[in-house]
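What follows is a set of notes on a single structure, which appears directly below.
Each reported figure results from applying straightforward, stated rules to the coordinates on display, with no laboratory input. The model shown is predicted, which means the values in this text are computed figures rather than measured ones. Here Cβ is always computed from backbone atoms with ideal geometry, including for glycine, and neighbour counts include all displayed protein chains.
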Amino acid sequence: MSIPRYPLPAWHLDPPPPVEAALRRTRRRRAFVLTLALAALAMFLYWRYVAEVPRDHTGIEDHFKYGSIGSEYGNGVPFRIWRVLPEMFPEHLPQNGLTGYEALGFVVERDKDGRPTADTPIGFARRRGPGHVELISVNCASCHASTYRGSPDEPRRTLLAMPAHRLDLLSYFEFLIKCGRDPRFTVENIMARIEAQGWIDPVEKLAYRYVAIPRTRERLMESAGRAARLFEHPSGVGRIDTFTPYKLIQFRYRDPELLRPGNTDLPAIWNQAPRVGMRLHWDGNNTSVHERNISAGIGAGASPTSIDLPRLKRIEDWLLTLPPPKWPEDWPLDHSLAERGKPLYLRYCADCHGVPEESFKGRKVGTVVPLREIGTDPERLKSYTYDFMSNQYSLGTDQAWRFHTFRKTDGYANQPLDGIWARAPYLHNGSVPTLRHLLDPAKDRPKTFHRGNDVYDKKLGGFTWDQASSGGETFPKFDTSRLGDSNAGHDGAEYGTDLAPADKDALVEYLKTL
Amino acid sequence: MVDQNGDGPWDVIGRPITFARSGLTVKNRIFRSSISGTFDSYDGTGGYARLNWEEKFARGGTGAIISSFVPVSLRGRIYPRYAMIHEDRTIGFWRAVGDRVHEHDCKFIIQLSHAGRQQDDRGVENRFRVGMSPTDRKDSFHGLLCKSMTKSEIDQVVEQFGLAARRAQRAGLDGIETHSSHGYLINQFLSSGINDRTDEYGGSLENRARFLREIIASIRAHTTGHFHLQCKISAVDYNNAIYPWEGRGNTLAESVQVCKWLEDDGVDGIHVSTGSIFPHPRGPAGDFPIDLASEAYDPIVSSGVRGRFNQRIFRGAILSRLFRWWWRHNRGPVIEGINAEHAAEIKRRLSIPVILNGGLQRASLIARIIRDGMADGVSLARPLIANNDLPLLFAQGHDLAPRPCTFCNRCLLADLKYPLGCYDLSRYDNDYDRMIGEVMSVFHPSPYEDS
């Protein structure tokens, strides 16, 4: 017999009568449904107003053109601000006959009636963040996609992974900074423009008014101070000073000696598979395609923590086998002449640039030629310093991808010449406008020429270089006498510059087929 | 006022009525309709106040009193403190009631009842039970829970009605009325809006009426001779009056058919009312006093799963007014003789007497209804609570009592919390103490007073 406990334990309750039990069940059900509803609401609110949501694209080409690589939180600008800046501050854009971000050389995709098919040019990715504010920033395609055409009357043809030979990336950042410093960059002015563009989520509106706009102005003004030195040696069209922004913004260098400009031509990035294991970058400072890509992502503005590796990997995988572009079928090509040029290529070029039929393998492909041999402009090489390299190793030390393979070299690396026709101008600093000019001795190459024209010179193998303007568009002058912009080097009998003109023509014709 | 035969209203109303089959004769056409009051002991043992209560009406000239809601079993109660007839030990009490009423030449018909699921307060004895019903679906108004009855439970309840009838006869009462209306158990079986059974007690009208007809048979089996037996029927259910999405329930045609079967089964009379819930906008037809509802509803808040919901409505400043409007809207403009047309239709199709219930207190109207053959008698409750001597007033030539019932329904709601009586302050010249004095008069004399 059990001994009753007196008093009954505090938690003792009679069983509930049926109505109370039913009410409890209802309350529990209601609480459950309410909890679910609140959880769903919280998830929705989190997703809408807190979470970081990149704008994704199913197709790989769209992903390359508009997909995020995580640079938005490095140098992103709130999208709605970004969108109104060109119309608010057109005077801060290059005055080259084009309008909006196209004036900076970004590629706007258009339908056959000339209407843009996307609300940003190629090379801009968006990622939504707190307050439903979407940030926009450049991605791989901004520097590695551009246009070409056979004549000024033709529509521009877009080619992905080609060097953005029309892009003035530095001016883009300069434009943003100028806008940020402009006294008209006020909450009222920007909000008025934003609101004029249509409905805006009320939370987003508040976020813009009280956070996004003031903070963007603050950040741009802050950048103005930090990046001032960057604009002292403008890279110009189709080029970028790879390391100076890194040094100034990421590492906060102040020593002028450490801040030597090292402008380089933007490279093509197709067909990466054969390049695996080669010395990459113009000076061959790295042998890992993956590390090189992460470094480029950080260069595009991603931080070691914001870089979006899975999305970068999609691009990386695609680029491995993206074929180089063929010489357009509707363009003239003298096959017999090219045939004559082939032995010349094999004799003069193949050793360093590879045999096309053998996946561009060659004795010296992907190796570094010492500067004293190649003789090209040394500034890019000098700008990559031991000091900078050491600092690079300090990036992402807690990340699996942390850099291991950067090395300081003593020259420039040989590269495969796949799709070389679309990679003009030539040499690491883009100082030689066409393939034909590259076969001339350095002293005979153009001292100045114009960059940014996408009309192709089908004879010489490069973009039209001798016109300051065309079709209402002006093209900035490239002066080889400026520091770092020399067109010297890659010169001498072994580089084919002593060949007879007819042989040079034959070799150029062959190069067009690569 | 005077008809073509030169008869005044009382000449018609005051004429005795004899139920041909049972031989029950009532001295006039005024029946006190069933109305309960919490006058008894908690366990259903009758109390002295009920004797006083019923005597008020007998003394006032009422021809026959139909008792309070008298449960035939504990599970059939709607409220504690209503006298029951569930055990033989209650016979003595009912005999006393009968005797007291008979002293005034008034008949006493006991209303045998079973609440089914419609138990406003099922009492502590039933605390862990839910209501019995033909369905598992809870009641639509208060959310009173229930469980569908098994066949053996049905048989048990049928038997309980028979046993209760036998007790009534042994108590010397004058007759029986089955409470087969107002949403109580028998009505739950009858109503197509409530009964969702698929066995022989659900589906067709014949099946739905089976339960009542078995009760009639049981009563006949348990009583001797041809004991007077009448059935109170909701002529039309209006089951969706409050919640329009509920089923409509039985139509008049269906009820007429049920009444015809009852006539065939030997029932002596039909008492016509309306509604398959109680209270219902049309029964008792009148107002819904939200001020009283907000306090009187308290005791039954915990009885059903919609109690708190209803209480919020009754206590809400706007919701209560909306509810009151909805209630009055569903009642319609007519109060007096609200069910007269229904009774007339039943009377036309039947040969047994028909008693009409519903908002009647005007002698001329009552006389006209009887004279026109719409009904043979009328049953009143609220007007008799207001004026216990209304039949005498009619006999004296009053068409309407000097202070008539206002159909405010305050008595109806007060019953949930307070002693039953007329709580219409306007009838007492706004003298609250006088009103309470009148209400409390039911407790005098008590058996313990030194006279």
_Once R0 is set to 35 Å, what does the formula 1/(1 + (r/R0)^6) return for the Cβ-Cβ distance between residue A:118 and residue A:466, expressed as a FRET efficiency to the nearest 0.05?_
0.55
_Could you tell me how far the Cα centroid of the stretch A:170-211 sits from the Cα centroid of the stretch B:357-428, in Å?_
79 Å
*Between residue A:210 and residue A:355, what FRET efficiency follows from the Cβ-Cβ distance if R0 is 51 Å, with the result rounded to 0.05?*
0.25
_Residue order, fewest to most beta carbons within 10 Å, for A:251, A:478_ = A:251, A:478
*Given A:342/A:504; A:361/A:443; A:326/A:447; A:247/A:447, which pairs have Cα atoms separated by over 22 Å?*
A:361/A:443; A:326/A:447; A:247/A:447
*How large is ³J(HN,Hα), in whole Hz, for each residue of the stretch A:436-446 in order, when computed from phi with the Karplus curve 6.51 cos²θ - 1.76 cosθ + 1.60 and θ = phi - 60°, using x for Gly and Pro?*
5, 5, 5, 7, 7, x, 3, 5, 9, 6, x
*For chain A, what ratio Rg/Rh do Cα atoms give with a Kirkwood hydrodynamic radius?*
1.12
_Inter-chain Cβ neighbour average for residues A:10-20, partner chain, 10 Å_ = 4
*When we measure straight from the Cα of residue A:313, which lysines land under 23 angstrom away, once same-chain ones fewer than 8 places off are left out?*
A:65
*asked:* If neighbour count is taken as other Cβ atoms inside 10 Å, put B:351, A:486 in order from fewest to most.
replied: B:351, A:486
*Using modelled backbone amide H atoms (1.01 Å from N, in-plane), which distant-in-sequence or interchain residues come within less than 5 Å of residue B:271's amide H?*
B:231, B:232, B:233, B:355
*Could you give the size of the charge dipole of the protein assembly as shown about its Cα centre, using +1 on the Cβ of each K and R and -1 on the Cβ of each D and E, expressed in debye and rounded to the nearest 20?*
1080 debye
*Which shape class, rounded, prolate or oblate, goes with the stretch A:59-150 when its Cα gyration tensor gives a ≥ b ≥ c as root eigenvalues, a/c under 1.5 marks rounded, and past that a/b bigger than b/c marks prolate?*
oblate
_Let me check I have the definition right: for the stretch A:1-50, take the eigenvalues of the Cα gyration tensor, multiply each by 5, take square roots. What are those semi-axes in whole Å, largest first?_
41, 15, 6
*Using θ = phi - 60° and Karplus 6.51 cos²θ - 1.76 cosθ + 1.60, couplings along the stretch A:342-355 (whole Hz; Gly, Pro as x)*: 4, x, 5, 4, 5, 7, 9, 10, 4, 4, 8, 10, x, 8
*In chain B, how many lysine pairs have Cα atoms under 27 Å apart, counting only pairs 8 or more places apart or on different chains?*
22
*Taking +1 at the Cβ of each Lys and Arg and -1 at the Cβ of each Asp and Glu, which of A:15, A:45, A:33 sits farthest along the dipole of the stretch A:1-50 towards its positive end, judged by Cα position relative to the Cα centre?*
A:45
*Using amide H atoms built 1.01 Å from N in the peptide plane, name the residues 5+ places from residue A:134, or on other chains, whose amide H lies under 5 Å from its own.*
A:79, A:80, A:129
*Taking the Cα centre of chain B as the origin and placing charges on Cβ (Lys, Arg +1; Asp, Glu -1), which of B:413, B:230, B:443 is farthest toward the positive end of the dipole?*
B:413
*asked:* Compute the angle between helix A:289-299 and the longest alpha-carbon principal axis of chain A, please, reported from 0 to 90 degrees and rounded to the nearest 10.
replied: 70 degrees
*Full extension from residue B:137 to residue B:429: what is 0.36 nm times the residue separation minus their Cα-Cα distance, to one decimal in nm?*
100.6 nm
_Among B:190, A:322, A:122 - extreme Cα towards positive end, dipole of the protein assembly as shown, charges at beta-carbon_ = B:190
_Neighbourhood net charge (9 Å Cβ-Cβ; Lys/Arg +1, Asp/Glu -1) for residue B:140_ = +1
*Residue by residue, what Karplus-based ³J(HN,Hα) values in Hz, rounded to whole numbers, does the stretch A:450-457 have, using 6.51, -1.76 and 1.60 with θ = phi - 60° and x for Gly and Pro?*
10, 10, x, 7, 9, 7, 8, 8
*Can you sort A:71, B:364 by how many other beta carbons sit within 10 Å, fewest first?*
B:364, A:71
*For residue A:367, enumerate residues with amide H under 5 Å from its amide H, sequence gap 5+ or separate chain, H modeled in the peptide plane.*
A:279, A:414
*Relative contact order %, chain B, counting alpha carbon pairs below 8 Å whose residues are six or more apart*: 17 percent
*Can you give the % of DSSP beta bridges in the protein assembly as shown that are antiparallel, to the nearest 5?*
50 percent
_Report the rotationally averaged projected area of the protein assembly as shown based on its alpha-carbon convex hull, in square nanometres._
64.8 nm²
*asked:* Can you compute the modelled spin-label distance between residue B:336 and residue B:199, with each label point 7 Å from Cα toward Cβ, in nm?
replied: 4.8 nm
*In a solvent-free Debye calculation with one equal scatterer on each Cα, what is log10 I(q)/I(0) for chain B at q = 0.08, 0.14 Å⁻¹, listed in the order of the q values?*
-0.40, -1.42
*asked:* Quick check: net charge around residue B:219, other residues with Cβ under 13 Å of its Cβ, Lys/Arg +1 and Asp/Glu -1?
replied: -1
